[in-house]
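Here's the structure we're looking at; comments come further down.
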Amino acid sequence: MKHDFLDKYSNLDSPIHRLDPRVKILSVFLAIVIIVSEPLGELFHFVFYFVIIALLVGLSRVPLKYLLVRCLIVSPFIVMAAAFLPLSVKLSPELQPDYSGYSVYHASLTILFKAYSAVILLVLLTSTEKFQRLLLGIRKLKMPRLVGVISALMYRYIFLLTDEVLKTTRARESRTPGKLKKSKIKVYGNQMAMVFIRSWERAHRVYDAMLSRGFHGEFPDTRSLRLSGSDVFVAIIFVGILLVIRLGI
Amino acid sequence: MPTGIKLENLSFSYSRGKKVLKNVTVEIQPGERFGIIGPSGAGKSTLLLHLNGILSGEGTVQIGETIVNKESIADVRRKVGLVFQNPDDQLFNPTVEEDIAFGPLNFGLNGETVSERVREALQAMNLTGFEKLTSHHLSLGERKRVALATVLAMRPEVIALDEPFSNLDPAMVLQLMKILKGLDATLVLVSQSILPIVACCDRMAILKEGEIVAVGPPKQLAANVELMRSCGLDLSFYREIFKEIFPG
């Protein structure tokens with residue numbers, strides 16, 4: 001099982017990596033709230049937001065290419081949401097809201113920038129902290145226990161799914177010397193069905209193994225988190241700068 | 001401290017289909033190494049899952065003085081450690097250390113004790129130095145030993161192992177047999193690899209279509225060609241092969 005699906009670069013050492021996970025979670029959450037609350041059409045502020053985000057990326061040493069590939073995964077949804085606005089206005093002009101001082105394209109770009117800022121910040125968060133520590137941080141922040149357990153199990157089962165996809169793909173390719181003779185859709189469909197069945201069965205076995213070792217709905221952890229004054233200071237500065245930009249002070 | 005196991009009229013079926021276990025009755029003594037062999041689909045793994053309360057059928061499963069039921073499940077899981085057939089089903093934490101600590105932490109042991117248990121379990125399995133490694137980077141033999149270490153760290157009175165010898169090379173089988181023989185616990189070994197079971201168990205049962213058809217000394221049962229053949233476990237062809245390999 002591969003264990004670097006989300007936190008591939010969490011083992012790097014950087015000032016961002018060294019921050020307490022709680023500080024990172026709260027800072028990212030507040031940053032997203034601040035950025036998303038920008039009024040539509042306020043494009044100029046995003047220059048500053050992106051400079052700050054670029055600085056964070058540079059400090060974190062997470063490769064830019066990795067971040068961009070992650071952003072690509074969600075791009076269809078973001079681009080669709082941004083494109084939907086001018087398209088809907090074009091199709092039904094009567095629906096056009098009051099864009100005083102900026103065009104619908106400005107509004108659309110704002111949506112795009114907001115979404116990408118949020119995605120980059122979230123990818124940065126998961127790339128600079130081990131998933132288990134993020135879960136611990138979430139737990140320490142008094143998030144409902146069930147949410148933490150579901151997230152942890154989901155994270156574990158992603159690997160089972162990936163594992164099964166790899167195995168069935170190898171099995172398929174080993175018996176496919178040239179092009180697929182059968183209809184591709186049918187073959188891929190069969191493979192996908194098998195992946196789900198096998199993953200379900202495997203997940204069941206993993207869960208049995210957890211139960212047999214006393215699992216009772218909560219992941220144990222002896223690791224503790226240490227919140228330092230400098231971590232809090234960094235978070236206040238970061239959120240403070242964003243707030244200053246947002247309020248245009 | 002090893003404890004005994006008592007199964008009485010244990011029956012189980014997964015759905016409304018046919019019974020996978022039929023009135024299984026057997027008693028295993030404290031500290032005994034007990035092997036269960038049988039052809040594929042005989043119900044061996046299903047039987048093992050009953051020892052830990054993962055599955056519960058009709059009849060009684062008793063671990064020491066404790067009858068396995070909903071009320072006693074936590075106590076039973078503390079007493080019985082299960083080692084699954086595929087170590088990848090058992091190892092799901094990012095590091096070997098975390099996987100071994102998982103059981104003891106679930107039972108509420110403090111950090112210091114858990115670290116001590118992890119260290120001891122790794123030492124017993126000749127895995128010292130593997131603490132920070134990722135399980136999926138290890139060889140199958142090493143993963144199997146880590147899986148056993150995850151259970152050892154819980155210091156169970158009973159250790160039940162599902163196909164411990166499968167897919168291991170002869171040297172690893174020998175090493176595992178030595179390790180198993182040195183454990184201070186009641187051992188239940190389920191396997192299709194009959195020879196290692198014969199070599200390291202005190203007693204053996206043959207399971208066929210969910211029923212125990214024979215219990216006795218492993219060598220005596222394995223030598224009963226008719227019995228073994230009727231259960232699809234005939235070993236006599238090994239004799240021919242060994243004769244060819246080691247003439248005289």
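Sparsely packed loop sites in segment B:1-89 (the GluC sites (Glu not before Pro) outside DSSP H, G, I, E and B with at most 11 other Cβ atoms within 10 Å) comprise B:E65, B:E71.
Think of the protein assembly as shown as a dipole: +1 on every Lys or Arg Cβ, -1 on every Asp or Glu Cβ, centred on the Cα centre; then among A:I111, B:L233, B:T25, A:I111 lies furthest on the positive end. For the cross-link pairs B:K44/B:K181; B:K144/B:K219; B:K132/B:K219; B:K18/B:K243; B:K22/B:K79, the ones whose C-alpha atoms lie over 31 Å apart are B:K132/B:K219; B:K18/B:K243.
Compute the signed sum of charges (Lys and Arg +1, Asp and Glu -1) over the other residues within less than 13 Å, Cβ to Cβ, of B:F107. It works out to a net charge of +4. Rounded to the nearest 5, what % of the DSSP beta bridges within chain B are antiparallel ones? Beta bridges within chain B, antiparallel portion: roughly 50 percent.
Taken one residue at a time, the phi angles of segment B:86-103 give Karplus couplings (6.51, -1.76, 1.60, θ = phi - 60°) of 9, x, 5, 6, 8, 9, 10, 8, x, 10, 4, 4, 5, 5, 5, 6, 3, x Hz. Gly and Pro are set to x.
Amide H contacts of B:G59: B:S11, each under 5 Å away and 5 or more positions distant or on a separate chain (H built 1.01 Å from N in the peptide plane; Pro and chain starts excluded).
Is the C-alpha gyration tensor of the protein assembly as shown telling us rounded, prolate or oblate? Criteria: a/c under 1.5 is rounded; beyond that, a/b larger than b/c is prolate, otherwise oblate.
The shape class here is prolate.
Does chain B come out rounded, prolate or oblate by the C-alpha gyration tensor, with a ≥ b ≥ c the root eigenvalues, rounded set by a/c under 1.5 and, if not, prolate when a/b is larger than b/c and oblate if not? Because a/c hits 1.5 or more and a/b fails to exceed b/c, chain B counts as oblate.
Exposed loop sites here mean trypsin sites (Lys or Arg not before Pro) with a DSSP loop assignment and at most 15 other beta-carbon atoms within 10 Å; chain B contains its longest site-free run at B:133-248.
In sequence order, segment B:34-45 has phi-based couplings of 10, x, 10, 10, x, x, 4, x, 6, x, 5, 5 Hz under the Karplus curve 6.51 cos²θ - 1.76 cosθ + 1.60, θ = phi - 60°, and Gly or Pro positions carry x. Return the lysines within reach of A:K65: Cα separation strictly under 17 angstrom, same-chain partners fewer than 8 residues apart disregarded; answer none if there are no such residues. Straight-line reach from A:K65, under 17 Å: A:K8. Residue-wise HN-Hα couplings along segment B:178-190, as the Karplus relation 6.51 cos²θ - 1.76 cosθ + 1.60 with θ = phi - 60° gives them from phi, are 4, 4, 4, 5, x, 7, 9, 7, 6, 10, 10, 10, 10 Hz; Gly and Pro carry x.
Considering segment B:184-248 at the alpha-carbon level, its Rg and Dmax are found to be 13.0, 40 Å. Taking amide H as placed 1.01 Å from N in the peptide plane, the amide H of B:A214 sits under 5 Å from that of B:I206, each at least 5 places away or on another chain. With a/c under 1.5 counting as rounded, go ahead and sort segment A:37-145 into rounded, prolate or oblate using the C-alpha gyration tensor (a ≥ b ≥ c being the square roots of the eigenvalues; past the cut-off, prolate if a/b is larger than b/c, else oblate). Here segment A:37-145 falls in the prolate category.
Taking other Cβ atoms within 10 Å as a rough exposure proxy, A:M154, A:M143 sort from fewest to most as A:M154, A:M143.
Taking 17 Å as the straight-line reach from the Cα of A:K186, the aspartates and glutamates in range (excluding those fewer than 8 positions away in the same chain) are A:E173. Loop sites here are trypsin sites (Lys or Arg not before Pro) outside DSSP states H, G, I, E and B with no more than 16 other Cβ atoms within 10 Å. The longest part of chain A free of them is A:62-141.
How many percent of the alpha carbon pairs in segment A:144-212 exceed a separation of 21 Å?
Details: 914 of 2346 pairs.
Distances greater than 21 Å cover 39 percent of the Cα pairs.
All Cα-Cα separations within chain A were binned at 5 Å from zero, giving a P(r) of 1, 5, 10, 12, 13, 13, 12, 11, 10, 7, 4, 2, 0, 0, each value a whole percent of the pairs. Amide H contacts of B:L189: B:F34, B:G35, B:I36, B:L161, each under 5 Å away and 5 or more positions distant or on a separate chain (H built 1.01 Å from N in the peptide plane; Pro and chain starts excluded).
The chymotrypsin sites (Phe, Trp or Tyr not before Pro) of segment B:92-138 include none that DSSP puts in a loop with a beta carbon having at most 11 other beta carbons within 10 Å. Summarising the label geometry, the points placed 7 Å from Cα in the beta-carbon direction at A:I197 and A:N11 lie 3.7 nm from one another.
Across segment B:136-248, the fraction of Cα-Cα pairs farther apart than 25 Å, rounded to a whole number, is 30%.
Where a number appears in this text, it was derived from the coordinates with a stated rule and is not lab data. Predicted model, so just to flag it, every value in this text is computed and none were measured. All Cβ positions, even for glycine, are placed from backbone atoms using ideal geometry, and neighbour counts span all protein chains on display.
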